[in-house]
Amino acid sequence: MTTGTGAVRLAVEHWCERAGAVLRVAQVPLDADDAQVVQAYAAVTSKRTRLAIVDQITSPTAAVLSVTGVADALGDVPVLADAAHVPGTLPSDIAALGAAFWVGNLHKWAFTPRGSALLWAAPNWRERLHPLVLSWETGAGYPGAWDQPGTADLTGWAAIPTGLAYWHDLGGWHRTAASEALVLAGQHEVADLLGTSLDGLPPAPAPTMRLVRLPDGMLGGPGAVDALYDRLSTEHHAECAPVWFGGEGFVRIAAQAYNDAEDYRRLGAALSLIAGSTRG
């Protein structure tokens, strides 16, 4: 059971097929509050549910979901928190979330290479965990058995202290707060330039990401996402993620230390040009 998309959804589908399990997807509306998120999970849960996966921050819609609320509501069903966008953006007391497992990437917001990630497991699950890739440390248990996965390149792991030190030198959580203010202003800037409404968006948005609704007809469906991304990237040198969700088109914008207000003005202008050519 999951709300996940992209790589997580593919992985879950793969292992459900291998194990003969049934995947049930919790349908969470774009503007869902915590109670609606919990209700969506409760609606697809049964006594046969073996694992629930909850995005702590959703990737396509940039919403913060209540892992604690879901974990409390599901009781004995173990919850895995997909926290890919959390490290470096959302302060979290991982052990207090109520999740059995928590996985977060460091390459997204913490300035480390791809392949740098964190795995946390609740104490009562640790002896039952085994890595998929075996090594000389297989018998070491959690977390030692994960430390030498075959012939993996450990350079990314070795770079983690440097990446975190750089994050700290940039200002740490103060930098995150500044990025949050910047992306909020950018969201209003782009929406004003496009003439679109910010109503009905996630009530608990991710600190450093926001959605902006696109004009009607600009994104005709999920099949048009890649084409819009390519136009923004190649014609306007703008990097952001077009999103199709709930029958509507959006762009997901973000803010990092290298962004400034002018970036969002340029993005809004580029989207306005593309929208105009689409209508023409």
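Among all residue pairs at least 6 apart or on different chains, which show Cβ distances below 7 Å where the first residue, located in segment 96-109, is closer than 21 Å to ALA7 by Cα and the second is open to solvent by 10 Å² or more (accessible area, probe 1.4 Å) and among the β-branched types (Val, Ile, Thr)?
Correct list of pairs: TRP102/ILE94; LEU106/THR112; LEU106/ILE160.
What pairs come up if the first residue lies in segment 50-77 and is charged (D, E, K, R), the second is assigned to a strand (DSSP E or B), and their beta carbons are under 7 Å apart, counting only those six or more places apart or on different chains?
ASP55/ASP82
Looking only at segment 141-177, filter to residues that are in a helix (DSSP H, G or I) and among the charged types (D, E, K, R); which one of those is surrounded by the most Cβ atoms within 10 Å (Cβ to Cβ)?
Within segment 141-177, the first condition is being in a helix (DSSP H, G or I), and the residues that meet it are 144-146, 155-158, 160-169, 173-177.
Keeping just the survivors that are among the charged types (D, E, K, R) gives 169, 175.
Working: ASP169: 10, ARG175: 17.
Among them, the one singled out is ARG175.
Please identify the pairs in which a residue from segment 115-126 that is surrounded by fewer than 16 Cβ atoms within 10 Å (Cβ to Cβ) has its Cβ atom under 9 Å from the Cβ atom of a residue that is of a type in the set (D, E, K, R), counting only partners at least 6 apart or on another chain.
GLY115/ASP153
Among ASP33, ASP82, which is the only one that is in contact (Cβ under 8 Å) with a residue 40 or more places away in the chain, among the acidic types (Asp, Glu), open to solvent by 10 Å² or more (accessible area, probe 1.4 Å) and more than 24 Å from SER179 (Cβ to Cβ)?
On the way: ASP82 fails: more than 24 Å from SER179 (Cβ to Cβ).
Only one candidate qualifies: ASP33.
The values are calculated or read from the model by the stated rules, or taken from the named source; none is laboratory data. Remember, it's a predicted structure, so these values are computed and weren't measured experimentally. In this analysis, Cβ positions are derived from the backbone assuming ideal geometry, glycine residues included, and neighbour counts consider all displayed protein chains. All accessible areas refer to the heavy atoms of the entire protein, side chains included, with ligands and DNA or RNA removed. Shrake-Rupley method; radii C 1.70, N 1.55, O 1.52, S 1.80 Å.
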